[in-house]
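One structure is given below, encoded as structure tokens.
Just so it is clear, none of the values below were taken in a lab; they were calculated from the coordinates. As the structure is a prediction and not an experimental result, all values here were calculated from the model. A quick note on method: Cβ atoms are made from the backbone with ideal geometry, for glycine too, and the neighbour counts reach across all protein chains shown.
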Amino acid sequence: ALGQSLTSAPIIVTVDDSSRFVNLSTRAFVGSGEQAAILGLVIPPGEGHGMVLRGIGPTLAGFGVAGALADARLEVLDSTGRRMAVNDNWTDFVPHRTFAEVGAFELAPGTRDSVIDLGLSPGAYTVRLSGPPGVTGVGLLELYEWDNASDRLINLSSRVFVGPNATPAI
């Protein structure tokens, strides 16, 4: 209904017994509603995991990103659609870890980026990065695992909005 579709070649990531995947970042055009950027994750049975989830918009302008999302809103939903956490302005949260401890770049106080730092039990979760109604721009959706639990995430995926006449990123 939206026009052409584009399928990319698969990416194969091999992880051995001594390594772990601790960060996923997806940069995309972000808006509200169906134009939200979405991250899906599954935590296996056993231990839960501590996560820092970030929705970056305004700070991207400082990295030279044109059209950065002016106001980022982040929410975490469980597999039933129940809201687990929400943040709209990152300075309103109390972190378990500093950004440096998880390998993330710092955010300036008072920016309208969003951060959620929480422990998640085994199960499937959806993380949504959006802007307020009518606000669109380039955003970055990030996941950092901070607890070094012995079991690994068993699924990570991201979905972004691609509209008609979209220009491929280089």
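Calculate, in nm to one decimal, what ALA108 and ALA66 gain on full extension: separation in residues at 0.36 nm each, minus their alpha carbon distance.
Value of the extension gain: 13.3 nm.
Could I have the simple spin-label model distance between SER121 and SER157, label points 7 Å from Cα toward Cβ, reported in nm to one decimal?
Each label point lies 7 Å from its Cα, and together they span 2.4 nm.
Starting from the Cα-Cα distance between SER25 and THR80, subtract it from 0.36 nm times their residue separation and give me the gain in nm to one decimal.
Difference between extended and current length: 17.4 nm.
Please give the length that would be gained between THR91 and ALA9 if that part of the chain were fully extended, namely 0.36 nm times their separation in residues minus their C-alpha to C-alpha distance (nm, one decimal). Numbers along the way, then the final one.
On the way: separation 82, 0.36 × 82 = 29.52 nm, distance 3.86 nm.
In short, 25.7 nm is gained.
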